[in-house]
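The values are calculated or read from the model by the stated rules, or taken from the named source; none is laboratory data. This structure is a prediction, so every number in the text was calculated from the model and none was measured. With ideal geometry, Cβ positions are generated from the backbone for all residues, glycine too; neighbour counts draw on all protein chains shown.
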Amino acid sequence: MSMTGQVHVKKGQYKIKGDFHHLEFGQPIRLADDNWRLAGITNPRQLTHIHSYGGEAIFFENLSKGKLMATRCDNKKCETKGSIYQPFRIHCPDCLGKNTVIDMTDIAKKTAKIHTFMVCERSGAFNLLDKPIKFINIEFDGVCTILFSYLAVGEPKMGMRVVPIFQKLDPTYTILDMAWVPKGTKENQLPKGFSF
Amino acid sequence: MIKFSDKQLKIPKLMRPVYLVTAGQSKFDRAFPDKRTEELCVDALVQAAELLNLSPAELKSYIHTCYYGHFADHFGDQLLGESVIHDRLGLDPLGNCGVKTGGATGGSTLWEGVKAVASGYSDCVLAMGWERMDEVPTDEGNFYISCAADKDWESPLGHIYAGYYAVMAQKYWKVFGKEEDSFRRTLAEIAVKHHGYARMNPYAQSPMKITVEEVLNSPVVAYPLRALDCCLMSVGAACAIICDEATAIKLTKNSPNKPLRIWVTAGSHTLRPADRRDMAIPLLPNETAKQYKDLGKKFPGGERYPGFTGFLAARMAAYYAYNQVGIKDPTEDLDVVELHDAFTISDVQTYEDIGIRPYGYGRDYVESGDCYHTNPKTGKPGKLPSNLSGGLIGCMHSVGATGIMQVFEIATHIWNRWAEIHGDNKLWKKFDRQKPSDWTDLQVKGAKRALAISHAGVGSHVTATILMDPDKLIKKDA
């Protein structure tokens, strides 16, 4: 029986187990208007990639613990010293020094508001979110960038105060472990697996 | 607030004049079940030769280096597709290089070609672009397109690139559009215009005679954008031949094509709009800092630049281009433009980024009638017609080819060959398309200078290509 590919790292090397691809023959594509002559072939393919989060791993790990991590440039010689980045940036875009990782969960809980939003009726293949998707961009006091995420409860409005929620139960270890709800939303209104 | 150094703001300078001598393109369509990509590229190169009254072999004998614009390897399921095309065009063993900058790939391919000639490395360059977007159905195609967003921070959110762009559209809609019905109708007018102009273009994929109401009633994709506000997903190829002066004269001696001076500049900005930081508006020659002092007062929310309402990359490409060639006011100094209308609202944003109108007033370019071939309000020629090809909404968005298609289109106006090419009954028949009974000649009479804007996604890359009749330069030493 096949097993979905699994990976861990030991002594700096990937150790893999299970199947990272599935075999399947293609099917002929024929021209219905031209005596069904051959025009091409389908190429079915399913494979699993092995992707490193590198210096951002701490961000994704902490979502499952209910924390929103950001970074800050603390380089005294940098013109933009003190800038806080969310999305998390491993390096300062100006001095390229390594940023300091900070926990900005409280800042998010106290100051997050919707900068802009979009209610999207469509999605691409492999989408895991319910439609319509309520995309939001969130601004925070003292943070120089604007985070992209989605609103899990209610209808978005520009300027609306929102707070983060986290998928602590059965986390996916992706950006989908974080969502936002209007300030004042009750715990029992949150999607399954999510909590404040 | 981020700042730029003088060195970064240096105006580009070419080491010698560079010329566009010919261009060509294939038919554009959603799918070509019976054609390989190389067949489409051959169609484009053969047409480029025909416009010079040369055989393909004669034209190829001049080519020294090739740049290939092909954005999405995963769509075509072929890495190094450039090598396949290069071989099939019979151009081995010449040096070639692939170029990938998202939706700006076509423009960037021209950028590389111009630099190769300007530097003296080559006297004649082929810039060819294409995209194969029909190997997967639309849902899977949307997934592939979303791979151009950040794979950890954006793509998992719906795998729908239009959504990542649409948050910017929503901000513009709110801040500068003030959520007015009249602005929404202006956006719809752009869709009507572009699908309408596509009716006169045999290459175009989506010719439609539609009304503003039909656009407003088309299905919502991401509010306020509806299906008819959005660009096409296309397959096709386009190419251009770029030369030094001596080669340009030789290649055009038996052709109506006059060698045209060409310049290409480029700008960039964060792949994730989330990473944008505030800055002062970089000014174009027709703007002053004073005029933007109270922008946030006139348009609450507009004080943050570029925020989510402008495309800094487009602004920078225009800044370099206008200062390089001496353009003071694009509406006065240019005769025809092709803009990257990925969505109707991004078309309006671009009017502002490239200085056709000041920030906040882009809609006036449409509402005044200036953007039309014939101004519907006055019945006179539009002041600066845009997207007479139909643009990305009406003609095509075969990504790697798009920026080159735009340049093909503006060049045909300066060559005064628009009607000859687009009105050719044989071409309509060859493409199995019905030439409309009310087909209209959209040649911009007396066109001497033109601009094309090639733009990637949420504004990560933008190029500005300027063509000029060499006898109508603004700055002699450009």
Within the range B:243-288, residues within 14 Å of another protein chain (Cβ to nearest Cβ), assigned to a loop (DSSP other than H, G, I, E, B) and aliphatic (A, V, I, L, M) come out as B:271, B:279
Restricted to the range A:62-75 and to residues being more than 13 Å from every other protein chain (Cβ to nearest Cβ) and either in a helix (DSSP H, G or I) or acidic (Asp, Glu) (or both), the residue farthest from residue A:90 (Cα to Cα) is A:62
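If you take the residues in the range B:125-154 that are touching a strand residue (DSSP E or B) at 6+ places or on another chain (Cβ under 8 Å) and within 8 Å of chain A (Cβ to nearest Cβ), which one is farthest from residue B:237 (Cα to Cα)?
Filtering the range B:125-154 down to residues touching a strand residue (DSSP E or B) at 6+ places or on another chain (Cβ under 8 Å) leaves B:125-134, B:153-154.
Narrowing the set further to residues that are within 8 Å of chain A (Cβ to nearest Cβ) leaves B:153-154.
Details: B:153: 32, B:154: 30 Å.
In this case the residue turns out to be B:153.
Filter the range A:21-66 down to the residues that are among the charged types (D, E, K, R), more than 29 Å from residue A:2 (Cα to Cα) and touching a residue at least 24 places away in the same chain (Cβ under 8 Å) and list them by number.
Of everything in the range A:21-66, those that are among the charged types (D, E, K, R), more than 29 Å from residue A:2 (Cα to Cα) and touching a residue at least 24 places away in the same chain (Cβ under 8 Å) turn out to be A:56, A:65.
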Among strands (runs of 3 or more DSSP E) entirely within the range A:97-196, at least 2 residues that are crowded, with 22+ Cβ neighbours inside 10 Å occur in A:113-120, A:133-139, A:147-150, A:162-167, A:178-182
Restricting the range A:84-96 to residues that are at pLDDT 95 or above and in a strand (DSSP E or B), the one farthest from the other protein chains (Cβ to nearest Cβ) turns out to be A:84
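Could you list, in sequence order, the residues of the range B:79-98 that are without any contact (Cβ under 8 Å) to a residue 40 or more places away in the chain, under 21 Å from residue B:233 (Cα atoms) and surrounded by 14 or more Cβ atoms within 10 Å (Cβ to Cβ)?
Filtering the range B:79-98 for residues without any contact (Cβ under 8 Å) to a residue 40 or more places away in the chain gives B:79-80, B:82-83, B:86-87, B:90-98.
Imposing the further condition that a residue be under 21 Å from residue B:233 (Cα atoms) reduces the set to B:79, B:82.
The one that is without any contact (Cβ under 8 Å) to a residue 40 or more places away in the chain, under 21 Å from residue B:233 (Cα atoms) and surrounded by 14 or more Cβ atoms within 10 Å (Cβ to Cβ): B:82.
For (1) among the aromatic types (Phe, Trp, Tyr); (2) within 21 Å of residue B:401 (Cβ to Cβ), each residue gets a yes or a no:
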residue: B:135; (1), (2): no, yes
residue: B:144; (1), (2): yes, yes
residue: B:150; (1), (2): no, no
residue: B:153; (1), (2): yes, no
residue: B:159; (1), (2): no, no
residue: B:163; (1), (2): no, no
residue: B:166; (1), (2): no, no
residue: B:174; (1), (2): no, no
Residue B:191 passes all but one of the listed conditions (1) more than 22 Å from residue B:109 (Cβ to Cβ); (2) among the small types (Gly, Ala, Ser); (3) within 14 Å of chain A (Cβ to nearest Cβ); the exception is number (3)
Among the residues of the range A:34-56, the number that are more than 10 Å from every other protein chain (Cβ to nearest Cβ) and at negative phi is 9
Result of the Cβ filter at 6 Å on the range B:247-261, keeping first residues that are surrounded by fewer than 17 Cβ atoms within 10 Å (Cβ to Cβ) and partners that are not in a helix (DSSP H, G or I) and not aromatic (Phe, Trp, Tyr), at least 6 apart or interchain, is B:254/B:53
Going through the range B:293-341 in order, the residues found to be more than 20 Å from residue B:466 (Cα to Cα) and either surrounded by 23 or more Cβ atoms within 10 Å (Cβ to Cβ) or touching a strand residue (DSSP E or B) at 6+ places or on another chain (Cβ under 7 Å) (or both) are B:306, B:308, B:309, B:310
